[in-house]
Amino acid sequence: MTKQSFETVLDESDTSVAEFKTEKRGFLGQIQHILHGNITIVPMIVLILSCLGFGFVAGERFFTPFNLSLIIQQVTIIGILGIAQTLIILTAGIDLSVAAIMILTSVVMGNFAVNIGVPAFLAIPLGFIVGMVCGAVNGLLITRFKLPPFIATLGTWNIFFALNLWYSGSQSIRSQSIDKAAPSLKFFGERVDVFGTQFTYGSFLMIFLCILFWYLLNRTAWGKHVYAVGDDPEAAELAGIRTKRILMSVYIVAGLLCGIAAWAAVGRIGSISPQSFYEGNLEAITAVVIGGTSLFGGRGSVVGTIIGALIVGVFRNGLALAGVDVLWQVFAIGWLIIIAVAFDQWVRKVSS
Amino acid sequence: MSVQPILSAKGLVKRYGRVTALDHADFELYPGEVLAVIGDNGAGKSSLIKAVSGATIPDSGDVWLDGEKVDFHSPMEARDSGIETVYQNLALSPALSIADNLFLGREIRKEGVLGKWFRMLDRPKMQQFARDKLSELGLMTIQNIDQAVETLSGGQRQGVAVARAAAFGSRVIIMDEPTAALGVKESRKVLELIQDVKSRGTPIVLISHNMPHVFEVADRIHIHRLGKRCAVVDPKTISMSDAVAIMTGAMDPPNDVYNPYT
């Protein structure tokens, strides 16, 4: 091809073009770069260090199989809600209503199975549908009416919570009534013996859902699209992704996960109370953030979220075993959140 | 014997509130040619390109592809018809890998049960294809196809975007300012790439502000002004300064549309 006059000098110039050269980075830069590619490393390290730390402070009692199994049980519900929240935060959204959807769903399940007498195998899917409808309402407000996710779900959080109080008449469903009418509602609270330690089915459910959503996010086109929509919605749209459809699917799937969490929650707390888990949404966001998922979207993982939930669980449990007042547990978790977000900001700078 | 345009538009109108981006604009692209579209800032070049590539829906006017009237409602529909666009902002997802970006929106699933029921992506196949395409185009030496796009330089990102269009564009490739963000040597690579794609028979629409680049690769130049096509000229017979003069309104456009095909 003929060159233009101003380009003839190129003959003498270096011919290397746009190569992926490995730049010299400092030690800190190197770490930043590795973390940028593997965001779950940090929560993993924090989890291991905090386990070792509390094992040291709280002594033998922390590392008993019973205690470790207890921590996992304690984080099950928040872990599942956290998976739902992760999906939404990956799209650069936020869902303040996850816990409200869960409670509303559990109340519907309980009312149909216990008070009305519908068989549990119908009442539970009915609850899932309620969860998905709630998620679809959030999704519609955000995609069709273009409300910011924070505002839309702040509204629906209140609405779903009020509906839950109205529908339940603020009445709890007692554990004995559930046992009599629909014991399968409590399935995820039942225990199995693994290597001499008691684990609930709920713990396995959380781990199963974590693996399932890791797979969906990393090995399917849908997952890639979820990341792309959160990363740069305009670019995703131009690349041919139907961003609204992806957003709707994410909110509906999150609603379904809240429904599944509702079933697990009945097993966990035994009864069904319309007043329970009032701060569940904030705890779920905490787990997501500590797990390294970026609030700006497009970056993060469900594995990180489960680790984040476990970190919170380990802190609470360890501090309690060490005899520290509850208020200092809250204090410590507050710092964890701030440090996690500050850290995310630092790691994200690698691209600029 | 007259040749039919592969992509054409007639009377396109697009308004954004009180701003008229397209005012009855016409457009023709013939098989095998490189058509440059030039125009001053705000002349409506991008709106024109978005209208023929499905990124915006014109208020009125028609678009024809290969003699058939088409009605694109999304870039996806245009892509399915074989029109690929390299947008100025590249439309890449920074946190995803090079391979993921190449296949964004048209991922390949594994065959059999894994793909059908578990929707599993065929990553080795996609990675191999991405590696082949990038090295075939000679645009860059890839060390790690799983590298996130945000860790690449501007020129490398452009390379990924152009490679994506070249790999999938079967009928028309549209490039919006492909050399605007590049250095001299990287621009040369992109120009060679344009010639390369053209020699394989795929027509290209090139939107550019860079007159030397336009005059080097274009077969015809479409000059856009005030939301419509004001002239189509032959780069071999017109000077750069005259083209710029027509573009800015300093000179009256020639009356006839330059068209060696009919």
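The values are calculated or read from the model by the stated rules, or taken from the named source; none is laboratory data. Remember, predicted model here, so these are calculated numbers, not experimental data. Cβ: placed from backbone, ideal geometry, glycine included. Neighbour counts: every protein chain shown. Side chains are part of the model used for accessible areas, which takes the heavy atoms of the whole protein and leaves out ligands, DNA and RNA. Shrake-Rupley method; radii C 1.70, N 1.55, O 1.52, S 1.80 Å.
Given chain B, what whole percent of its Cα pairs are spread farther than 23 Å?
Values: 18082 of 34191 pairs.
Roughly 53 percent, rounded to a whole number.
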Please list log₁₀ I(q)/I(0) at q = 0.15, 0.21 Å⁻¹ for region A:42-183, using the Debye equation with identical point scatterers on the alpha-carbon positions. -0.90, -1.17
Taking only the alpha carbons of region A:58-99, the radius of gyration and the largest Cα-Cα distance, Dmax, both in angstrom, are 14.8, 42
Report, in debye and to the nearest 20, how large the dipole of the protein assembly as shown comes out about its Cα centre when Lys and Arg carry +1 and Asp and Glu carry -1 on their Cβ. 1500 debye
Accessible area (Å², 1.4 Å probe, nearest 10) - B:THR248: 60 Å²
Relative contact order for region B:138-250: what percent, with Cα pairs under 8 Å and sequence separation of 6 or more? 19 percent
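Other chains near A:223-232: what is the mean number of their Cβ atoms within 10 Å of each residue's Cβ? Display every interim value, and only then the final one.
Values: counts 3, 10, 5, 0, 5, 10, 1, 2, 8, 8.
The mean count of partner-chain Cβ atoms within 10 Å per residue comes to 5.
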Regarding region B:42-90, what whole-number volume in Å³ per residue does the convex hull of its Cα atoms give? 85 Å³
Kindly write out, for region B:198-204 in residue order, the coupling ³J(HN,Hα) from the Karplus curve 6.51 cos²θ - 1.76 cosθ + 1.60 (θ = phi - 60°), rounded to whole Hz, with x marking Gly and Pro. 4, 5, 7, x, 8, x, 10
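Heavy atoms only, 1.4 Å probe, whole protein assembly: order A:TYR167, A:TYR251 by accessible area, highest first.
Working: A:TYR167 75, A:TYR251 5 Å².
Final ranking, largest accessible area leading: A:TYR167, A:TYR251.
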In the neighborhood of B:ASP71, defined by Cβ-to-Cβ distances under 10 Å, what is the net charge if each Lys or Arg adds +1 and each Asp or Glu adds -1? -1
Given the protein chains as shown and a 1.4 Å probe, how many square angstrom of B:ARG123 are accessible, to the nearest 10? 80 Å²
Starting from the residue with the highest accessible area, list B:LYS125, A:LYS186, A:LYS349 in decreasing order, probe 1.4 Å. A:LYS349, B:LYS125, A:LYS186
Which cross-chain or sequence-distant (5 or more) residues have an amide H under 5 Å from the amide H of B:THR85, H modelled 1.01 Å from N in plane? B:ILE174
Tell me whether region B:88-168 comes out rounded, prolate or oblate; compute the Cα gyration tensor, take square roots of the eigenvalues as a ≥ b ≥ c, and use a/c under 1.5 as the rounded threshold. prolate
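Largest first, how would A:TRP157, A:TRP214, A:TRP346, A:TRP166 line up by accessible area (1.4 Å probe)?
Working: A:TRP157 45, A:TRP214 95, A:TRP346 70, A:TRP166 190 Å².
The ordering from most to least exposed comes out as A:TRP166, A:TRP214, A:TRP346, A:TRP157.
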Site A:ILE116, offset 7 angstrom along Cα→Cβ, radius 17 Å on amide nitrogen, limited to region A:129-157, gives A:129-134
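Once every DSSP H run of n ≥ 4 in the protein assembly as shown is given -39500 (n - 2.57) and the sum is divided by its residues, what mean residue ellipticity at 222 nm do you get, rounded to the nearest 500 deg cm²/dmol?
Values: 23 runs with 321 residues, N = 614.
When only DSSP H runs of four or more count, the value is -17000 deg cm²/dmol.
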Please state the Cα pair-distance histogram of region B:1-88 with 5 angstrom bins from zero: what percent is in each bin? 3, 14, 25, 27, 20, 8, 3, 1, 0
Shape of region A:67-343 from its Cα gyration tensor (a ≥ b ≥ c, root eigenvalues): rounded if a/c is under 1.5, otherwise prolate when a/b > b/c, or oblate? oblate
For region A:67-343, what is the accessible area per residue in Å² when the probe is 1.4 Å? 39 Å²
Tell me the carbon and sulfur percent of the accessible area for chain B, rounded to whole percent, probe radius 1.4 Å. 49 percent
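With solvent modelled as a 1.4 Å probe, how much accessible area in total do chains B and A shield from it at their shared surface, in Å² to the nearest 100?
Values: alone 12660 and 18060 Å², together 27200 Å².
Counting both chains, the buried surface is close to 3500 Å².
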Excluding same-chain residues fewer than 8 positions from B:LYS69, which lysines have a Cα within less than 16 Å of its Cα? B:LYS10
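Pairs of Cα atoms under 8 Å, at least six residues apart: use those to get the relative contact order of region B:135-197, whole percent.
Worked out over region B:135-197, it gives 36 percent.
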Round to the nearest 10 and report in Å² the accessible area of A:HIS225, as given by a 1.4 Å probe over the protein chains' heavy atoms. 30 Å²
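Less than 12 Å Cβ to Cβ from A:GLY189, Lys/Arg counted +1 and Asp/Glu -1: what total charge do the surrounding residues give? Kindly include the intermediate steps, with their values, before the conclusion.
Values: positive: A:LYS186, A:ARG191, A:ARG268; negative: A:ASP179, A:GLU190.
Net charge in that neighbourhood comes out at +1.
How big is D, in µm² s⁻¹, for the protein assembly as shown by Stokes-Einstein at 37 °C and 0.692 mPa s if Rh is the Kirkwood radius over C-alpha pairs?
On the way: Rh = 27.3 Å.
Diffusion coefficient, whole number: 120 µm²/s.
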Just tell me how shielded A:239-249 is by partners: mean number of partner chain Cβ atoms within 10 Å of each residue's Cβ, no decimals. 4
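Taking the Cβ of B:ASP100 as the center, what net charge do the other residues with Cβ under 10 Å away carry, scoring Lys and Arg +1 and Asp and Glu -1? Show your work: numbers first, answer last.
Details: positive: A:LYS224, B:ARG123; negative: B:GLU107, B:ASP146.
Here the charged neighbours net out to 0.
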Which of rounded, prolate or oblate describes region A:156-222 when judged by the alpha-carbon gyration tensor and an a/c cut-off of 1.5? oblate
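Contact order normalised by length for chain A, with contacts defined as Cα pairs under 8 Å and 6 or more residues apart; what percent is it?
Details: 557 pairs, mean separation 111.3, N = 352.
For chain A, the relative contact order is 32 percent.
Where in chain A are the DSSP H helices whose C-alpha atoms run 30 Å or more along the long axis and whose mean Kyte hydropathy is at least -1.0? Show your work: numbers first, answer last.
Values: long enough: A:65-90 (34 Å, 1.74); A:120-143 (34 Å, 2.05); A:243-269 (38 Å, 1.39); A:326-348 (34 Å, 1.53).
Taking the DSSP H segments of chain A (at least 30 Å long, mean hydropathy at least -1.0), we get A:65-90, A:120-143, A:243-269, A:326-348.
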For chain B, what does the accessible surface come to per residue with a 1.4 Å probe? Please give it in Å². 42 Å²
